[in-house]
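Asker: First the structure, which I've put down as structure tokens, then a few questions once you've had a look.
The values are calculated or read from the model by the stated rules, or taken from the named source; none is laboratory data. Nothing here was measured: the structure is a model prediction, and the numbers come from that model. Every residue, glycine among them, receives a Cβ derived from its backbone with ideal geometry; neighbour counts consider all protein chains shown.
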């Protein structure tokens, strides 16, 4: 996680940008995803269900430190699912070593993600990636990935869980292992 000192320095920089550009705070992407998503829970429910680190990333859009996720070293066949709601997001077959320190993929599963504009990185606009079911912040997508898509979905490992191949019946997700 990013240290308090880094947050204070970053916050001061963001405040300067707001003051100089007149951007409203909401344009900087503060707080949890607010789109219309299938799974909606109160802040209290999310705090109860997630670890403090998962909550910080999934609901408050923070970023884990690069190189800290055990998923960086995960190479088995399987599926990466949302740590918030269990929705399957990425096939392990699309994972690649990006050299960034975060799990990276060249394509999500169909219908698994939503995106939004993220202006929290000062004047640089990025594309934020959310879980399509619960709206949890997963990371960002960049146009510097490998073929066949040329995209790099750079994900926070703490926002994902890995399910090895054949870990649950076909048609099931991580929260509904029966497939019904």
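Asker: Quick check on residue 107: is it part of a loop (DSSP other than H, G, I, E, B), at pLDDT 95 or above and touching a strand residue (DSSP E or B) at 6+ places or on another chain (Cβ under 9 Å)?
Answerer: Against the criterion (part of a loop (DSSP other than H, G, I, E, B), at pLDDT 95 or above and touching a strand residue (DSSP E or B) at 6+ places or on another chain (Cβ under 9 Å)), residue 107 qualifies.
Asker: Scan region 129-139 for residues that are part of a strand (DSSP E or B) and at positive phi and report the count.
Answerer: Going through region 129-139 one residue at a time, the tally reaches 1.
Asker: Can you tell me which condition residue 126 does not meet? The list is (1) farther than 17 Å from residue 37 by Cβ; (2) in a strand (DSSP E or B); (3) under 16 Å from the mean Cα position of the chain (by Cα); (4) at pLDDT 95 or above, and all the others hold.
Answerer: Of the numbered conditions (1) farther than 17 Å from residue 37 by Cβ; (2) in a strand (DSSP E or B); (3) under 16 Å from the mean Cα position of the chain (by Cα); (4) at pLDDT 95 or above, the odd one out for residue 126 is (4).
Asker: Now for a separate question. Every residue in region 140-166 that is part of a strand (DSSP E or B), surrounded by 15 or more Cβ atoms within 10 Å (Cβ to Cβ) and out of contact with any helix residue (DSSP H, G or I) (no Cβ under 7 Å at 6 or more places or on another chain), please.
Answerer: Those that are part of a strand (DSSP E or B), surrounded by 15 or more Cβ atoms within 10 Å (Cβ to Cβ) and out of contact with any helix residue (DSSP H, G or I) (no Cβ under 7 Å at 6 or more places or on another chain): 140, 141, 142, 152, 153, 154, 155, 161, 163.
Asker: Also, I was wondering about something else. Please enumerate the residues belonging to region 83-102 that are touching a helix residue (DSSP H, G or I) at 6+ places or on another chain (Cβ under 8 Å) and under 20 Å from residue 142 (Cβ atoms).
Answerer: Correct list: 101, 102.
Asker: For residue 99, indicate whether it is part of a loop (DSSP other than H, G, I, E, B), at pLDDT 95 or above and more than 23 Å from residue 127 (Cβ to Cβ).
Answerer: It is false that residue 99 is part of a loop (DSSP other than H, G, I, E, B), at pLDDT 95 or above and more than 23 Å from residue 127 (Cβ to Cβ).
Asker: A further question on this structure: Could you grab me the full set of residues in region 52-70 that are part of a helix (DSSP H, G or I) and surrounded by fewer than 19 Cβ atoms within 10 Å (Cβ to Cβ)?
Answerer: Residues satisfying the conditions are 52, 53, 70.
Asker: Step by step: first the residues of region 110-123, then only those that are assigned to a loop (DSSP other than H, G, I, E, B) and loosely packed, with under 14 Cβ neighbours inside 10 Å, then the one that is modelled with the lowest pLDDT. Which residue is that?
Answerer: The residue in question is 122.
Asker: For region 55-78, which residues satisfy the criterion of being within 19 Å of residue 137 (Cβ to Cβ) and free of Cβ contacts under 8 Å to residues at least 12 places away in the same chain?
Answerer: Scanning region 55-78 gives a single hit, 55.
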